[in-house]
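This report refers to the structure that appears directly beneath it.
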Number of protein chains: 2
Amino acid sequence: MEPWDDIEPAPARKLLVAAIEAFAVRGYHGTSTRDIAGAAGMSPAGMYVHYRTKEELLFRISRVGHERCRDMVRAAATRGGADPAGQLRAIIGDFAAWHAQHHTTARVIQYEHEQLSTDHQAIIVVLRREMESVVRGVLASGTARGEFDVPEIAGTALAMLSSGIDVARWYRDDHSRTPDDIGKLYGELAVRTVRA
Amino acid sequence: MEPWDDIEPAPARKLLVAAIEAFAVRGYHGTSTRDIAGAAGMSPAGMYVHYRTKEELLFRISRVGHERCRDMVRAAATRGGADPAGQLRAIIGDFAAWHAQHHTTARVIQYEHEQLSTDHQAIIVVLRREMESVVRGVLASGTARGEFDVPEIAGTALAMLSSGIDVARWYRDDHSRTPDDIGKLYGELAVRTVRA
DNA sequence: GTCTATAGATTGATAGAC
DNA sequence: GTCTATCAATCTATAGAC
């Protein structure tokens, strides 16, 4: 389901996956290190061999999760072809679909990163800005070409990303729409919003 | 700022306002009853005279906050006049502006209500459905009149509410856009998205 | 209604055996 | 690298004085 296979060694991966599940449901502060270690099949002290603190574990999740989300957004921009409308449809569609498919991870990276240390937050903010700038760039190029009519580029980019982010808040595994359904709808809505 | 003046007696109100501030920053589980009582100028035990448990305090915040949000959405539907476009602009615009202006309260009601007991969650869910149904109703009537072209009413209503909800996640008091700016932009984006 | 004091459980993290 | 045992701090909530 979640592609965490590249996290090594295996006990560190099991702890990370257990932490994502727990953080997504109860939040960072609502999850104890015992919860995490227990869900990974370890004793209460087992976590500390692989992560120095609970905060470091959240940071690892946040950083890798944000990097994957950013890479997905960049890949979508390429996949969308040369015209801004196709790019916007792909970016916003894939972004929303990703937040549905990986809703557990997405919940943690979108709603828990403010619990990180100041230093770690600064690293995450850079990754978030990179994603925003991709969307702004597409809206700007579409506007420059006369294909888009947008009231305000920065605010519109933010609003479009917002609807995708919020998918992580409400999406459940038993939801009637597939992640692909959601991606198609959100891509379509984005293109309709900006058409000249 | 926040209109909690009707909460009586005054110590109960001070505790409630202190809890909102703390829950918005650190979350429900990240906030201790000592934090709340201390910020309200009381001893650690002071909270329990006015609220039986910490969960009951969160429920009070969630219920009143949701009722006010729902009443605001209903008022916006009336304020928007008779045509669906005006109604949609008013509802989505006011909804987003409300989440900016009351971003501290909005953060708590949107992101902490899943920490409530099962019984209390059931009460909150009803209020949330009432808001969603207002938006669905406007999209349906606009579609029936031939003024709107919407790919899917339920999914579109959800996506539009999502962008407003997410304002509570990112809005800060020192943000360059005023709540009114945000309301105007989000109302405009909603109308553009559905125009036939 | 607010206080001090405290019960009883749980927390993040460490020490040391194996 | 994982365990058992444990520390010191903190948690929610209560008891009882005023």
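The numbers here are math on the coordinates, done by the rules we state, and not lab data. What you are looking at is a predicted structure, and each value in this text was computed from that prediction instead of being measured. As a convention, Cβ positions derive from the backbone with ideal geometry for all residues, glycine included, and neighbour counts pool all protein chains shown.
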*Cβ-based charge dipole, the range B:75-196, positive-most Cα from B:Ala154, B:Gly187, B:Thr118*: B:Gly187
*asked:* Within 10 Å of each Cβ in A:150-159, how many Cβ atoms from other chains are there, averaged over the peptide?
replied: 5
_Please list the three semi-axes, largest first and in whole Å, of the ellipsoid equivalent to the range B:1-105, using sqrt of 5 times the eigenvalues of its alpha carbon gyration tensor._
33, 13, 10
*Add -39500 (n - 2.57) for each DSSP H run of 4 or more in chain A, then divide by its residues: what number comes out at 222 nm, to the nearest 500 deg cm²/dmol?*
-23500 deg cm²/dmol
*Which values, in whole Å and largest first, are the semi-axes of the equivalent ellipsoid of the range B:85-146 obtained as the square root of 5 times each eigenvalue of the Cα gyration tensor?*
27, 17, 5
*Would you grab the residues whose amide H sits under 5 Å from the one on B:Arg195? Only those 5+ places off in sequence or on another chain, please, with H modelled 1.01 Å from N.*
B:Asp149
*Spin-label pair A:Glu130/A:Ala144, simplified geometry with 7 Å Cα→Cβ offset, distance in nm*: 2.2
*Give me D for the range B:1-63 in µm² s⁻¹, whole number, from Stokes-Einstein with Rh from the Kirkwood sum over alpha-carbon pairs, 4 °C and 1.567 mPa s.*
113
*What is the local net charge at B:Gly142, summed over the other residues whose Cβ is closer than 10 Å to its Cβ (Lys, Arg +1; Asp, Glu -1)?*
-1
*Which trypsin sites (Lys or Arg not before Pro) in the range B:23-89 pass both tests, a DSSP loop state and at most 13 other beta-carbon atoms within 10 Å?*
B:Arg52
_For the range B:1-43, which chymotrypsin sites (Phe, Trp or Tyr not before Pro) pass both filters: DSSP loop (anything but H, G, I, E, B) and at most 11 other C-beta atoms within 10 Å?_
none
*Return, for the Cα atoms of the range A:44-131, the radius of gyration and Dmax in Å, separated by a comma.*
15.4, 54
*Partner lysines for B:Lys14 [C-alpha distance under 24 Å; skip if fewer than 8 residues away on the same chain]*: B:Lys54
*Which value, to two decimals, describes the C-alpha radius of gyration of the protein assembly as shown once divided by 2.2 N^0.38 Å?*
1.01
*Ordered by residue, what ³J(HN,Hα) values in Hz, to whole numbers, does the range B:24-39 give under the Karplus form 6.51 cos²θ - 1.76 cosθ + 1.60, where θ = phi - 60° and Gly and Pro are x?*
5, 8, 10, x, 4, 6, x, 10, 9, 4, 5, 3, 5, 4, x, 5
*asked:* If I take every Cα pair under 8 Å that is 6 or more residues apart in chain B, average their sequence separation and divide by the length, what percent do I get for the relative contact order?
replied: 25
*Magnitude of the Cβ-charge dipole of chain A, K/R +1 and D/E -1, about the Cα centre, nearest 20 debye?*
80
_Rounded to whole Hz, the Karplus (6.51, -1.76, 1.60) HN-Hα couplings of the range B:99-107, x for glycine and proline_ = 5, 7, 4, 9, 4, 5, 4, 4, 4
_Based on alpha-carbon atoms only, what is the radius of gyration of the range A:90-193 relative to the globular estimate 2.2 N^0.38 Å?_
1.14
_Report D for chain A in µm² per second (integer): Stokes-Einstein, Kirkwood Rh on Cα pairs, 25 °C, 0.890 mPa s._
139
*In whole angstrom, how far apart do the alpha carbon centroids of the range B:102-149 and the range A:181-196 sit?*
22
*Each residue of the range B:84-98 in order: what ³J(HN,Hα) in whole Hz does its phi give by Karplus 6.51 cos²θ - 1.76 cosθ + 1.60, θ = phi - 60°, with x for Gly and Pro?*
x, 5, x, 5, 4, 4, 5, 5, 5, x, 5, 4, 5, 4, 5
*asked:* As an exercise, identify the trypsin sites (Lys or Arg not before Pro) in the range B:98-191 lying in DSSP coil whose Cβ has no more than 14 other Cβ atoms within 10 Å.
replied: B:Arg145, B:Arg172
